[in-house]
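**Student:** What follows is a single structure, and I will ask about it in a moment.
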Amino acid sequence: MPKFNILHLYPTTLHLNGEAGNVVALLERGKELGLELEVHSTELNENLPSTRPDLVFIGSGILSAVKVAAVDLEAKAKTLTQWSNAGTKVLAVGAGFDLISQGLEIESGHTLFGLGFTNTKHRLTNDHLVGEVVTDSGLAGFINWNREITRTNQSSPMGTVVSSDNNRLVGYVDGYISGNIFATNIQGPFLPMNPSVADQLLGVSDTNASNERLATLDSLAEKARAAISRRVNH
Amino acid sequence: MIPLAVLVGKALRFVLRLRGGGSAVPGRIALAIAPRFLQQTLGRMQRGIYFVSGSNGKSTTTAMLVKVLRAHGLKVLSNPAGGNLPQGLASALLADVDILGRLDHDVAVLEVDEAYGKLIAKKVAPNGLLITNLQFDQLNRFHSPEEVFGYLDELSTLTKDLLVVNGTDPNTEKLAKGHQGRLKVFGVYASKEAVASARNGILAAPSFDLDDSDLEHLTNLISTSGNRAVISHGKDKVELTLPAAGLHYAIDAALATGMASRIIGAKFNVQLAAEAISELQAVYGRGEVIQHQGQNIEIIMMKNLPSLQANLDALQESPKTVWISVDEGTPDPSWIYDIDLGKLRHADVISGTKTYQWATRLAYENLPFGELIEDENSALEYFLQLPGTEKTAVINYEQMMWLRKRLGLLDLEGGSA
């Protein structure tokens, strides 16, 4: 059985709104797809595992949590960068996106450390964008986010919002996807609701659609997305 | 201007209630005619005005505090939950004031919303504030518990004399430390043993940069099991019955007891307080069991993560017949992935606009579920005809209010005063 190791960074410090569901989706889907999965977690002031994982997950958190995580992350940056260069995939959600970006400016002249895995610069604002969304790539979920994101050069977002119950979210460019780096602000959480991305991260998919449990999970998620789509297009 | 405001307000209130339901309109009009309506009515309260705020437990704690004060012979004015805004509060007051805006009460105990409380406090500053906790709640509205910390901190700044907080909650304890000196500040603490009685503890929001010192202990929760709790106050120790089982209700009882002791002063009798709390019925939907056509429907409210978790943790056994229903009153139920479902091992029917989000969650947990019926009316019919008399409804606040109305239970929250 092929092995797949997941590292969940700061699961206690960074957990805001169901992001742990992303790890659940990877685990459950991976098992059905014939992978032997293991999840390790590393908290603040703990050492990273000695072996390179296949995927690193970083969730969202409140601002004071992001501040302490950024300090801790700086000490782990060298290893994490080596891993990423060697092919470890990264999924960052919400504030996790800040932590893998080129930094989050929380006030003028004060930018929190970011791993620099994306070409985005983030700035904290008081303007919260909140609402259900559907993107041009068919992803659906809920955005609740107050950052201004500057993209320094040609970049591939996870998706652009095409419909939302909040008009101000229409046209919003979400997240980042390039090579082995994935980031989003879509909750729901993201992977249970959008299982195609989970399979992309696992590097496998049920091409024969023969797995009954996966078919059920996919159908439920599709109906959940369809319900959002009906609401935002109402 | 007060007599005119009262007359017009009362008349409007009468007409609107004939047409069915409560409304904030009479209060808004009264405030437009007499902008100082709240000061001139509530401000005359001899024994003062006290606010209860926090993320969860406001309604239950307010109900307990009112009950304890009344048991001590005080005439207590309180607001129906939902009367959180100045106009809603003014509407509620119109029922009780005489033509000169006088109230026949000694003390006011008001449940106030974390964010809107300051609007009332700026009109009529409370003598004391009781903060139940700071937990994850309505992130679509509050964004982060840090934002709520700011609101509660501002509310404390507007308070005149007394601040009582849940000391076991690290955030409310930290908040209170910032007001020591200017206010008389006390903590109500739960023992390690009491906290350990709940599978997931007190469910506090994350906190950083804490110091280990305690506030002055006012009341302590010694232990709790099922719907019983043991509380100590000074040298006294009392046992009481809670309106429903759960650590969260036991903490509410300790908070209400402590706050009452400060309001009443030397004549406070902790035994009397325990008896008063023991008589309290469950507040709407909070551990409530609705009787309907020979069936007992236990309500497990899914207001937010900590409230649902606390209610699930308090379950003594796995519920047999389960209905889950969530609508747009919960715009983003992402947090259901953070819930430890514990004794909830299946659902017979799931309904509401978030049907498939819940079903996906259960499917990932490998838990079985029955019918998925988005329309809650059809789902309720299906649920009621399922065999058995002991049933459990896991529903959000809006579905709870709808259900009570559908089952013919009047006296709805916010509409009765």
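The values are calculated or read from the model by the stated rules, or taken from the named source; none is laboratory data. Just so we're clear, the structure is a prediction, and the values are computed from it rather than from any experiment. Cβ sites come from the backbone with ideal geometry, for glycine too, and all protein chains shown count toward neighbours.
**Student:** What number of residues within the stretch B:356-377 satisfy the criterion of being within 23 Å of B:D137 (Cβ to Cβ) and under 26 Å from the mean Cα position of the chain (by Cα)?
**Tutor:** Selection size over the stretch B:356-377: 1.
Here is a yes/no grid of residues against (1) among the hydrophobic types (A, V, I, L, M, F, W, C); (2) more than 28 Å from B:L308 (Cβ to Cβ); (3) modelled with pLDDT of 95 or more:
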position: B:D209; (1), (2), (3): no, yes, no
position: B:D212; (1), (2), (3): no, yes, no
position: B:I222; (1), (2), (3): yes, no, yes
position: B:V230; (1), (2), (3): yes, no, yes
position: B:H233; (1), (2), (3): no, yes, yes
position: B:V238; (1), (2), (3): yes, yes, yes
position: B:A245; (1), (2), (3): yes, no, no
position: B:H248; (1), (2), (3): no, no, yes
position: B:T257; (1), (2), (3): no, no, yes
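**Student:** Here's a check for you: in the stretch B:300-330, which residue that is part of a loop (DSSP other than H, G, I, E, B) and under 20 Å from the mean Cα position of the chain (by Cα) is surrounded by the most Cβ atoms within 10 Å (Cβ to Cβ)? Even if it seems obvious, please write down each step before you answer.
**Tutor:** First pass over the stretch B:300-330, keeping only residues part of a loop (DSSP other than H, G, I, E, B): B:302-304, B:314-320, B:326-330.
So of that shortlist, the ones also under 20 Å from the mean Cα position of the chain (by Cα) come out as B:302-304, B:314-315, B:326, B:329-330.
On the way: B:M302: 30, B:K303: 21, B:N304: 22, B:A314: 25, B:L315: 17, B:V326: 24, B:G329: 18, B:T330: 24.
Out of the qualifying residues, it is B:M302.
**Student:** In the list B:T172, B:T132, which residue meets the criterion of being away from chain A (no Cβ under 14 Å), under 18 Å from B:N84 (Cα atoms) and either surrounded by 18 or more Cβ atoms within 10 Å (Cβ to Cβ) or at pLDDT below 95 (or both)? Walk me through how you get there before you give the answer.
**Tutor:** Numbers: B:T172 fails: under 18 Å from B:N84 (Cα atoms).
Residue meeting the stated conditions: B:T132.
**Student:** If you don't mind, there's one more thing I want to ask. Is it true that some residue in the stretch B:278-289 is closer than 24 Å to B:L163 by Cα, among the aliphatic types (A, V, I, L, M) and either within 14 Å of chain A (Cβ to nearest Cβ) or touching a residue at least 24 places away in the same chain (Cβ under 8 Å) (or both)?
**Tutor:** No, every residue in the stretch B:278-289 fails to be closer than 24 Å to B:L163 by Cα, among the aliphatic types (A, V, I, L, M) and either within 14 Å of chain A (Cβ to nearest Cβ) or touching a residue at least 24 places away in the same chain (Cβ under 8 Å) (or both).
**Student:** With (1) over 18 Å from B:M301 (Cα atoms); (2) within 12 Å of chain A (Cβ to nearest Cβ) as the list, and B:Q385 as the residue in question, which single condition is left unmet?
**Tutor:** Only one criterion in (1) over 18 Å from B:M301 (Cα atoms); (2) within 12 Å of chain A (Cβ to nearest Cβ) is unmet by B:Q385, namely (2).
**Student:** Tell me, please, whether a residue that is within 14 Å of chain B (Cβ to nearest Cβ) and of a type in the set (S, T, Y) can be found in the stretch A:101-111. If you could, list the steps in order and put the result at the bottom.
**Tutor:** First, the residues of the stretch A:101-111 that are within 14 Å of chain B (Cβ to nearest Cβ): A:106.
When the remaining residues are screened for being of a type in the set (S, T, Y), the result is none.
Checked the stretch A:101-111: no residue is within 14 Å of chain B (Cβ to nearest Cβ) and of a type in the set (S, T, Y).
**Student:** Need a quick list: helices (runs of 4 or more DSSP H) entirely within the stretch B:105-176 having at least 1 residues that are within 28 Å of B:S191 (Cα to Cα) and over 18 Å from the mean Cα position of the chain (by Cα). Walk me through how you get there before you give the answer.
**Tutor:** Values: elements: B:117-123, B:139-142, B:145-157.
Qualifying helices (runs of 4 or more DSSP H): B:145-157.
**Student:** Of the conditions (1) buried (at least 18 other Cβ atoms within 10 Å of the Cβ); (2) in contact with a strand residue (DSSP E or B) (Cβ under 6 Å, 6 or more places away or on another chain); (3) in a loop (DSSP other than H, G, I, E, B), A:S137 fails just one. Which one is it?
**Tutor:** (1)
**Student:** List the number of the failed condition for A:W145; all other conditions in (1) surrounded by 16 or more Cβ atoms within 10 Å (Cβ to Cβ); (2) of a type outside the set (S, T, Y); (3) at pLDDT 95 or above; (4) in contact with a Leu (Cβ under 9 Å, 6 or more places away or on another chain) hold.
**Tutor:** (3)
**Student:** Whether any residue in the stretch A:30-53 is among the hydroxyl-bearing types (S, T, Y), within 11 Å of chain B (Cβ to nearest Cβ) and crowded, with 17+ Cβ neighbours inside 10 Å is what I want to check.
**Tutor:** The answer is no; no qualifying residue exists.
**Student:** Moving on. With of a type in the set (A, V, I, L, M, F, W, C) and within 14 Å of another protein chain (Cβ to nearest Cβ) as the only criterion, which of B:I350, B:I395 stands out? Don't jump to the end; show me each part of the working.
**Tutor:** On the way: B:I395 fails: within 14 Å of another protein chain (Cβ to nearest Cβ).
Step by step, each of B:I350, B:I395 is checked, and only B:I350 is of a type in the set (A, V, I, L, M, F, W, C) and within 14 Å of another protein chain (Cβ to nearest Cβ).
**Student:** While we're on this one: Can you tell me which of A:G18, A:G61 is within 14 Å of another protein chain (Cβ to nearest Cβ), in contact with a His (Cβ under 8 Å, 6 or more places away or on another chain) and part of a loop (DSSP other than H, G, I, E, B)? Spell out how you get there, then give the answer.
**Tutor:** Values: A:G18 fails: in contact with a His (Cβ under 8 Å, 6 or more places away or on another chain).
Only one candidate qualifies: A:G61.
**Student:** State which residue is surrounded by the fewest Cβ atoms within 10 Å (Cβ to Cβ) when the search covers only the stretch B:214-240 and only residues that are free of Cβ contacts under 8 Å to residues at least 24 places away in the same chain and not in a strand (DSSP E or B). Explain how you work it out, then say what you get.
**Tutor:** Keep residues of the stretch B:214-240 that are free of Cβ contacts under 8 Å to residues at least 24 places away in the same chain, which gives B:227-228, B:230, B:232, B:235, B:237.
Then drop every residue that is not not in a strand (DSSP E or B), which leaves B:227, B:235.
Details: B:N227: 18, B:K235: 6.
If we take residues in the stretch B:214-240 being free of Cβ contacts under 8 Å to residues at least 24 places away in the same chain and not in a strand (DSSP E or B), then B:K235 is surrounded by the fewest Cβ atoms within 10 Å (Cβ to Cβ).
**Student:** Out of all the residues in the stretch B:143-167, which are more than 10 Å from every other protein chain (Cβ to nearest Cβ) and either without any contact (Cβ under 8 Å) to a residue 12 or more places away in the chain or surrounded by fewer than 19 Cβ atoms within 10 Å (Cβ to Cβ) (or both)?
**Tutor:** We begin by selecting, within the stretch B:143-167, every residue more than 10 Å from every other protein chain (Cβ to nearest Cβ); these are B:148, B:150-167.
Correct list: B:G150, B:Y151, B:D153, B:E154, B:T157, B:L158, B:K160, B:D161.
**Student:** Right, next: Taking interchain pairs and intrachain pairs at least six residues apart, which have beta carbon atoms under 7 angstrom, with the first residue in the stretch B:322-338 and facing another protein chain (nearest Cβ under 7 Å) and the second basic (K, R) and crowded, with 24+ Cβ neighbours inside 10 Å?
**Tutor:** Short answer, once both residue conditions are applied: B:I336/B:R361; B:Y337/B:R361.
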